[in-house]
């Protein structure tokens, strides 16, 4: 955002918000932090000269932001590894521009020997081929939450990796709805002989579980310190409870907002772990029997800790 604003020197907040798809409030909040940034030793002349007056952003030029980006060797290697991992995702072989850029980065780093190998479940290649060909599959899917196997006919749409697991987004024919299946839980995938017309849809991270309809729900109140829960885990709904409106289209508020989310719960033990990680920033609203689950889980951890210390 800063180079774009510096080119214009004076820009209406509304124009910046539209350009970066933010609310005006979010733009102002971000830029309030920018005014405190700069180079050590952070004297008056080393901070970014920025202020907002009458709905207009005024920013002065800073030469240190105009210098070309210089990556350290660890940063360069991290970027190279991430890029080569992306090339192995479905469709990655078509990324000619990315491949060319990575070759140049490897040459600049002086080491072209880095190879990245993403381990995928055995059925990944078969399911990817079916998605590309528009081939319907009969699958056996194991659900850890119910500990049972179900037989389904699916129209696979996209195969992707997210947070260490491989998924396929597919139309579940019997349920007439789109589901996200973890591929390592698919025990069998066989052709049905039927085909389907692919509908262009955006590829996204796993936004729902294939067995979610069978799972209990919990409604949580998340403050700013625990908002990561709504971003890390699939949620069925999210609404802002206080402190303003969110960014257009995504239902999420600004950094200080309290949000209410409803999510599928794979088990009580799983929800305990989420609440322990979130700390006092997350509170269960519904169902009533889980309202003190976080406190009970924390008390259990404390008891085990004390017991361990006494025994040692």
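Need one word for region 123-174: rounded, prolate or oblate. Basis is the Cα gyration tensor (sqrt eigenvalues a ≥ b ≥ c); a/c below 1.5 gives rounded, then a/b vs b/c decides.
Numbers: a/c = 2.16, a/b = 1.19, b/c = 1.81.
Here region 123-174 falls in the oblate category.
Taking 0.36 nm per residue of separation and subtracting the current Cα-Cα distance, fully stretching the chain between residue 276 and residue 82 would add 66.8 nm.
Sorted by packing (mean other beta-carbon atoms within 10 Å per residue), highest first, where do 151-162, 277-288, 175-186 land? Numbers along the way, then the final one.
Values: 151-162: 19.4, 277-288: 15.3, 175-186: 17.3.
Ranking, from highest mean packing down: 151-162, 175-186, 277-288.
A crude spin-label estimate for the pair residue 49 and residue 291, with each label 7 Å from Cα along the Cβ direction, gives 5.7 nm. From least to most packed, judged by other beta carbons within 10 angstrom and beginning with the fewest, 167, 51 follow the order 51, 167. Each label point was placed 7 Å from the Cα along the Cα-to-Cβ direction; for residue 219 and residue 97 their separation is 4.5 nm.
Every number here is computed from the coordinates shown, using simple stated rules; none is lab data. Not measured: the values here are computed from a predicted model. Positions of Cβ are generated from backbone atoms using ideal geometry, with glycine treated the same way; all protein chains shown enter the neighbour counts.
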